[in-house]
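Engineer: A single structure is presented below for examination.
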Amino acid sequence: MFKVLVIAYYYPPLGLSGVQRTLKFTKYMSKFNWQPTVITTGNIAYYAHDFYLLKEAENAGVNIIRTEAFDINTIMGKQYSTVNMPIEFIRKILSRISKAIFIPDNKKSWARKAYKIAKEILQKEKYDIIYVTIPPFSSFVYAAKLKKEFGIPLFVDYRDLWFGNHFAFYPTPYHRYRHKKLEYKSLRLADKVVAINRRIKEKLLLTYPFLTFKDVMIIPHGFDPADFELNEDKIEQSPKMRFTYAGIFYENITPEYFLKAFKQLSIERPDIAANIELEFIGHLRKEYNKLITELGINEFVRDLGYLEHNETVKRLKATDVLWMMIGNIQNADTISTSKLYEYIGTGKPILGSVVEGTAKSTLQEYGASFITKPDDIQEIKDMIIFIHELYVKKNLPTPNRDFIQKHDRIKLTEELTKAFQFYLKA
C-alpha cells in the first residue's frame, strides 16, 4: 500500500466537528490502497472527548502517533478531562490575548513537536505524501519544512481560511504581515491545496496570485453513510414537532435570535408553541441557559449536553427539523460548517439562519431547506410558523437525493486519494 503521513491536531478522542473530516478521510483511505499514519495530540484537556470516534479510527487500522508536547489546553484541566467552555465574553478576551501573543497560533509548541516526530519517522520509513489539515496554521508551517527537507509531495487541507480568517484578530500591522508572510512561504512549498468550498478557493487565488486554478482543488465536507446505517435502538418519538441543533455556540454562532423568535411565537401563537420542542445537543452554555430562563421558555427546551457521535446521529435522524446558524462576521461567506453536511446526511428538512455565502448556497442546492437571515427575529418567527403548517399537513419538503450522494465521505476520500496518485505519477 501507499503511505501518507497525516498531521492533524484535531483528531479523536477530541470531539466536536473539527475532527470529523480528517477522521473520515483516514478511515476510508485503505479502501483506495493508502495507509495513513496520523500524528496528533497527546492526552489533553478539551471541551469534548468522543471515544466512540477513537474506536472508529482504531477499527479502521489507522496508525496513530501522539505527541506529549506542552499544549495550551492542559492549562484548563487534567489530561483527557472535559472542561467547560468559558462564557463567550471571557472566551473572546482569552482568544484575543492568545492571538496577540502567539503567531500564527497557540498550537506552535505542539506543531514543533509533531514536526520532530515526523522527521524521525521520515528518516526511517518511506512515505509517498504528507497531508496537513488546518487550522491550526502552525502545523502547516512545520509541514512545509518537512516538504523542503524530504522532498515529499505536500497536500494542505483548508478547513478554514488562514489569512483573513473569519475569527482572525490582528492587533498590529505586524501581526497581519507575519500571518500573510508565513502563509505565503508555506503555500510556496505546497504541491496541492485542498479547500472545502469555492469561496475559500477564490480568496486564496486572489490573495496569492502565484497559485493557479489547478493548484487548488475543492473537496467539500460530507457525511459518513455508515453513521446512518447503524441498527440501534430508536429515539423516542415526540408528539410535538422537534427542532434539533447539534454543536457549540461561539463568536457569531449564537442561539439568541432563534430563542427570541420562539419567545415571540409563544406570545403571539401559544397554540403553535405548545406543539414545538427545541432540542440542543452539545454545549448550551450558562449564558444561554440564563437567556432561556429570562425568556420564560424552559418548558419548550431540552438541553442534552454533549453526546458521543453515534448518539448524536441517532437524535438527528429522529428529529423533524434541524436548525443551524451563521451570523454576520468578516468572511462569513467562506464558512462551510461540517455540521451542515451531517444534517444533509439525514435527509431531514433544515432551517438555516445564515448570511450570504457557501452555507446558503449549499442549503439551496439541498432543497429541503428554509432560509432566514441570522438575526431577523421576525423572519425567523414567521418561518417557524410556516414550517409548522407544513408539518401539520405532513408536507415537509424532501431533499435533492443526487446532491446528498455527492457528499458521501467514501466518494470524497476517493477523490483525495486519486489526487495523491497523480503526484506519484508526476
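Engineer: Can you say whether residue 177 is over 23 Å from the mean Cα position of the chain (by Cα) and assigned by TED's automatic domain parsing to the domain that holds residue 9, as far as the supplied structure shows?
Structural biologist: Judged against the criteria, residue 177 is a match.
Engineer: Let me ask another. Here is a check on your reading of the model: is residue 236 at pLDDT below 90, of a type in the set (Asp, Glu), out of contact with any Phe, Trp or Tyr (no Cβ under 9 Å at 6 or more places or on another chain) and farther than 30 Å from residue 201 by Cβ?
Structural biologist: Answer is yes for this residue.
Engineer: Kindly provide the set of residues from region 144-164 that are assigned to a loop (DSSP other than H, G, I, E, B) and crowded, with 16+ Cβ neighbours inside 10 Å, ordered by number.
Structural biologist: Selection gives 152, 153, 159, 160, 161, 162, 163, 164.
Engineer: Just to check your reading of the model, which residue among 278, 265, 259 is within 13 Å of residue 302 (Cβ to Cβ), at pLDDT 95 or above and surrounded by 15 or more Cβ atoms within 10 Å (Cβ to Cβ)?
Structural biologist: 278
Engineer: So, in region 367-426, how many residues would count as being more than 30 Å from residue 151 (Cβ to Cβ), part of a helix (DSSP H, G or I) and within 20 Å of the chain's Cα centre (by Cα)?
Structural biologist: Of the residues in region 367-426, 6 are more than 30 Å from residue 151 (Cβ to Cβ), part of a helix (DSSP H, G or I) and within 20 Å of the chain's Cα centre (by Cα).
Engineer: In region 27-53, what residues are out of contact with any Leu (no Cβ under 8 Å at 6 or more places or on another chain) and closer than 18 Å to residue 342 by Cα?
Structural biologist: The answer is 27, 28, 52.
Yes/no per residue for (1) surrounded by fewer than 16 Cβ atoms within 10 Å (Cβ to Cβ); (2) assigned to a loop (DSSP other than H, G, I, E, B); (3) at pLDDT below 95:
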{"site": "202", "(1), (2), (3)": "yes, no, no"}
{"site": "206", "(1), (2), (3)": "yes, no, no"}
{"site": "209", "(1), (2), (3)": "yes, yes, no"}
{"site": "214", "(1), (2), (3)": "yes, no, no"}
{"site": "227", "(1), (2), (3)": "no, no, yes"}
{"site": "231", "(1), (2), (3)": "yes, yes, yes"}
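Engineer: Taking region 235-256 as the search range and keeping residues that are part of a loop (DSSP other than H, G, I, E, B) and acidic (Asp, Glu), which one is farthest from residue 94 (Cα to Cα)?
Structural biologist: My answer is 236.
Engineer: Here are the criteria: (1) buried (at least 21 other Cβ atoms within 10 Å of the Cβ); (2) of a type outside the set (A, V, I, L, M); (3) in contact (Cβ under 8 Å) with a residue 60 or more places away in the chain. Tell me which single one residue 349 does not satisfy.
Structural biologist: Of (1) buried (at least 21 other Cβ atoms within 10 Å of the Cβ); (2) of a type outside the set (A, V, I, L, M); (3) in contact (Cβ under 8 Å) with a residue 60 or more places away in the chain, only one is false for residue 349: (3).
Engineer: Out of curiosity, is residue 264 of a type in the set (S, T, N, Q) and more than 30 Å from residue 52 (Cβ to Cβ)?
Structural biologist: yes
Engineer: Being touching a strand residue (DSSP E or B) at 6+ places or on another chain (Cβ under 7 Å) and aliphatic (A, V, I, L, M) is the filter; apply it to region 1-26 and report the residue that is farthest from residue 337 (Cα to Cα).
Structural biologist: Top of the filtered list is 1.
The values are calculated or read from the model by the stated rules, or taken from the named source; none is laboratory data. Note that the structure is a prediction, hence the values are computed from the model and not measured. Cβ atoms come from the backbone with ideal geometry, glycine included; neighbour counts cover every protein chain shown.
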